[in-house]
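A.B. asks: Here it is, the structure in full.
The values are calculated or read from the model by the stated rules, or taken from the named source; none is laboratory data. None of the values given here were measured: they were computed from a predicted structure. Glycine also receives a Cβ, built like all others from the backbone with ideal geometry; neighbour counts cover every protein chain displayed. Ligands, DNA and RNA are excluded from the accessible area calculation, which covers all protein heavy atoms including side chains. Shrake-Rupley method; radii C 1.70, N 1.55, O 1.52, S 1.80 Å.
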Amino acid sequence: MVQLPWATTKQHTRRLSPEFMPCCRAILAIYLITSISFRFAFLPEFTLSLRQYPGFVVLDLLATMSFSFETIRLARVTKHLISPKSILPAFERPVDESVGHSMRSYDEPMDLRPQRPIWAYWRLSFYLFSTFPFEYLSAVFLDGGLVNYALLNRLLMLFHLPKYLRDLSVVIVRKGYLRNIGVRRTWVLFFTMALAGHLCGCGFYMVARHQAMNGVALTWPEVYGIYSIESTTTGDGQHQVVVTGTTAEAYIISLYWAYITMITTGFGDIVPLHIPETMWGILTMFVGFIITALTIANLQKTIGQFDAARLSFQRKMELIKKFLHYRGLPKEVQEKVTSFYDYQWRTLKGADEEQFLIELPRALQQQVSNYMCRDIIASLPLLRRANKALLNALVEYSEMNIYSPNDHVLKHGEKIRGAILVSRGEVEVLKGSITERKMKRLDRFAPECLFIRKMSAYSLRSKGYSEVILIPRTKFQQIIHYQCDKEHIAQLRDAASTLSRATSKANKMFGSGEDLTPTEGFKKHCHPTSFFRKLWDCLILLGLLFYTFSIPLSFMHLVENTHVGEHPGLLGLGYATDVFFWIDTVLKHDYFFYLEGGLIVFDKDHIRQHFYQQHNIAREVIGLVPFDIASCFLGGRFCHHFRLAKLVRLPNIAMYMESVDHLLTELKVDIDLSLYRLVKLNMLMLFACHW
């Protein structure tokens, strides 16, 4: 393997900070694009003075250093790409005429495709020109007032920004955020709208100021009172513009005009008054219309995808109910059919497992089947020392069936076809009407029947929805005769005989973990499937909605420094909600059981470990600590400032929205999904307007 010259540097950079460089490049590029356009429009007198503009000067220096190192790295990569000393012989080099700006970062391994020297040098020259610090040269050799013009080459970073954002999105996805491509695309479009609004607002103000300096009267900032024009002119014949308002005021008003124009609202309070302003307004409307249309279309598609599977399932259930009603099936059968499809929805969320397996190649089908069944089959005492080939063959010929509640897996007196293993759910072993034992995942029944023919003295009945694997005796015999020698087969027969003699003892074993689960007093409400838990989650959702409603009202009082006693009702309900969340944290930390592998875990130590794994402790602490008490040391003022700490709980709203679905299912309330989604969107619009 050939070691590339830049490989050591790349590995060292990755070892130091794998996510730092993409984030740094994207942030600095956004800073340069936004700050330079802002300075060119609103700070025409900008100079490289550390005393007057320390923030801009320091950040510009950091950006210059960062992109200088980036340019050096790109130059090294370009040198090796166009070098005549290539790793591949000349006749093996693939020719690609369209090598462009790659999606990968310059830190990523470069491909070995040769590029034309002209194109490689042009790309390097463009990057060098767009990042070269001409402002420092202008400050030294030219008039200091030309610094803004010397910074304009940095606006070419707009062409590099899409690549930096793609690198940043890769980092975000690797961190586990914004995995949905629709949501990720929506955030990109929102960012594009924000950046385009900033550039259009700065351009609108700059065009008007340029017109005013040329003597044009009544430009829109002058009408709005942002600046005034003196009658006297400077030496170059331009009028003097006197700013009467603040720079922040001028920028906010320009940004306001840009956004209401781009989203085609246009209140009419700020309008272009001259041809250059009108032309800029037309360009702004054209850009804004495209971005707004793309954003709305993407939002519509993304929201539709969230409930697409559930909507398809609901339509399927409507057709099934029509079929059942048309055939006049008994009500008991209809309930079994509908409950079976509900079970499939809860477990697979609309995915067709059989179709999924059919579409896979044979090798992948084997891998998926092995993952699903191999551990269960390998748990048989007869097969604990079986090799991989034998287990794969048994997995291929095993039968998996799903049983509804109270369905018989095996009846008393029926011939046992082979070993029965439970993959999911719970199966009862009955002798008459008495439950001998309960089988959960990895439990087995009659493994000795892989060699011995006998009738069942017990009945197997599914308590809920259960997935049961059957290893047929005939297929098992064929497989072991093909893959095992006579000595191993004899050992398996002896082990089966031993199991047959111990069958009565095996059926006297303990029941499942649910039999030991506490059901007395309050603990019976702590079960994860209890009605109380579903209702409790809905109450948590109401508490989060109250925070969503009350925090903006608290935010309105920030400027007023309202005293704690001036709004006792709002604060009283807020403190009651805080106490409710304290109780919720205690219950989840010590009392609420949870499901793991189909079993109910009720041990306190395991519950606490599960709590720490499932919750962000820092967020929980910030949301629970009553920072409002600190306002007592400030005379009761600034109380509403501290209420803003409750905002850390708002990301949990989406998780608890599912609790409403579970409660409606528990109450057997049938609601049209389209109507239900419309109600949720209206609630979202209501809270957005409230904010």
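A.B. asks: Would you be able to say whether some residue in the range 52-70 is in a loop (DSSP other than H, G, I, E, B) and either at pLDDT 90 or above or open to solvent by less than 60 Å² (accessible area, probe 1.4 Å) (or both)? First the steps, then the outcome.
C.D. replies: Going residue by residue through the range 52-70, those that are in a loop (DSSP other than H, G, I, E, B) are 52-53.
Within this subset, residues satisfying the condition of being either at pLDDT 90 or above or open to solvent by less than 60 Å² (accessible area, probe 1.4 Å) (or both) are 53.
Yes, the range 52-70 contains at least one residue that is in a loop (DSSP other than H, G, I, E, B) and either at pLDDT 90 or above or open to solvent by less than 60 Å² (accessible area, probe 1.4 Å) (or both).
A.B. asks: Something else about it: Hey, any hits in the range 226-246 for a residue that's under 32 Å from the mean Cα position of the chain (by Cα), hydroxyl-bearing (Ser, Thr, Tyr) and open to solvent by less than 50 Å² (accessible area, probe 1.4 Å)?
C.D. replies: Within the range 226-246 (the criterion being under 32 Å from the mean Cα position of the chain (by Cα), hydroxyl-bearing (Ser, Thr, Tyr) and open to solvent by less than 50 Å² (accessible area, probe 1.4 Å)), the answer is no, since none of the residues qualifies.
A.B. asks: Among the residues that make up the range 137-156, is at least one of them outside any helix (DSSP H, G or I) and aliphatic (A, V, I, L, M)?
C.D. replies: Yes: the range 137-156 contains one or more residues that are outside any helix (DSSP H, G or I) and aliphatic (A, V, I, L, M).
A.B. asks: Condition first: hydrophobic (A, V, I, L, M, F, W, C) and touching a strand residue (DSSP E or B) at 6+ places or on another chain (Cβ under 7 Å). Can you find one or more residues in the range 207-216 that meet it?
C.D. replies: yes
A.B. asks: If a residue must be hydroxyl-bearing (Ser, Thr, Tyr) and in contact with a Cys (Cβ under 8 Å, 6 or more places away or on another chain), how many such residues does the range 265-321 contain?
C.D. replies: So the count comes out to 1.
A.B. asks: Are there any pairs with C-beta distances below 8 angstrom linking a residue in the range 607-626 that is closer than 18 Å to residue 592 by Cβ to a residue that is assigned to a loop (DSSP other than H, G, I, E, B), with the two at least 6 apart or on different chains, and if so which?
C.D. replies: Note: pairs meeting the criteria are 607/591; 607/592; 607/593.
A.B. asks: Residue check, residue 621 against (1) over 22 Å from residue 531 (Cβ atoms); (2) of a type in the set (A, V, I, L, M); (3) surrounded by 13 or more Cβ atoms within 10 Å (Cβ to Cβ); (4) at pLDDT 75 or above, all met but one. Which one?
C.D. replies: (3)
A.B. asks: Can you find, within the range 631-649, the residue that is modelled with the lowest pLDDT among those that are aliphatic (A, V, I, L, M) and open to solvent by 40 Å² or more (accessible area, probe 1.4 Å)?
C.D. replies: Checking each candidate, the answer is 634.
A.B. asks: Within the range 383-407, track down each residue that is open to solvent by 50 Å² or more (accessible area, probe 1.4 Å) and acidic (Asp, Glu).
C.D. replies: 396, 399, listed by residue number.
A.B. asks: Scan the range 383-405 for residues that are closer than 20 Å to residue 425 by Cβ and part of a helix (DSSP H, G or I) and report the count.
C.D. replies: 1
A.B. asks: Please list, ordered by residue number, the helices (runs of 4 or more DSSP H) wholly in the range 179-286 having 1 or more residues that are in contact (Cβ under 8 Å) with a residue 60 or more places away in the chain. Don't jump to the end; show me each part of the working.
C.D. replies: Values: elements: 181-213, 220-224, 247-262.
Those helices (runs of 4 or more DSSP H) span 181-213, 247-262.
A.B. asks: Also: So residue 292 ticks every box in (1) of a type in the set (Val, Ile, Thr); (2) within 27 Å of residue 465 (Cα to Cα); (3) surrounded by 13 or more Cβ atoms within 10 Å (Cβ to Cβ) but one. Which box is left unticked?
C.D. replies: (2)
A.B. asks: Now a separate question. Looking only at residues that are of a type outside the set (Val, Ile, Thr) and open to solvent by 70 Å² or more (accessible area, probe 1.4 Å) in the range 20-50, which one is modelled with the lowest pLDDT?
C.D. replies: 20
A.B. asks: Just to be sure before I move on: is residue 448 surrounded by 17 or more Cβ atoms within 10 Å (Cβ to Cβ), in contact with a Ser or Thr (Cβ under 7 Å, 6 or more places away or on another chain) and acidic (Asp, Glu) in the structure I sent? Don't jump to the end; show me each part of the working.
C.D. replies: Details: surrounded by 17 or more Cβ atoms within 10 Å (Cβ to Cβ): yes; in contact with a Ser or Thr (Cβ under 7 Å, 6 or more places away or on another chain): yes; acidic (Asp, Glu): yes.
Spelling it out, residue 448 is indeed surrounded by 17 or more Cβ atoms within 10 Å (Cβ to Cβ), in contact with a Ser or Thr (Cβ under 7 Å, 6 or more places away or on another chain) and acidic (Asp, Glu).
A.B. asks: In addition: Would you please name the residue that is least open to solvent (accessible area, probe 1.4 Å), looking only at residues in the range 342-382 that are aromatic (Phe, Trp, Tyr) and touching a Phe, Trp or Tyr at 6+ places or on another chain (Cβ under 6 Å)?
C.D. replies: 343
A.B. asks: If you don't mind, there's one more thing I want to ask. Of all residues being within 36 Å of the chain's Cα centre (by Cα) and not in a loop (DSSP other than H, G, I, E, B) in the range 408-426, which is surrounded by the most Cβ atoms within 10 Å (Cβ to Cβ)? Just the residue, please.
C.D. replies: 422
A.B. asks: Is it true that residue 662 is within 23 Å of residue 539 (Cβ to Cβ), at pLDDT below 80, part of a helix (DSSP H, G or I) and open to solvent by 50 Å² or more (accessible area, probe 1.4 Å)?
C.D. replies: On the way: within 23 Å of residue 539 (Cβ to Cβ): yes; at pLDDT below 80: yes; part of a helix (DSSP H, G or I): yes; open to solvent by 50 Å² or more (accessible area, probe 1.4 Å): yes.
Here the answer is yes, as residue 662 does meet what is asked.
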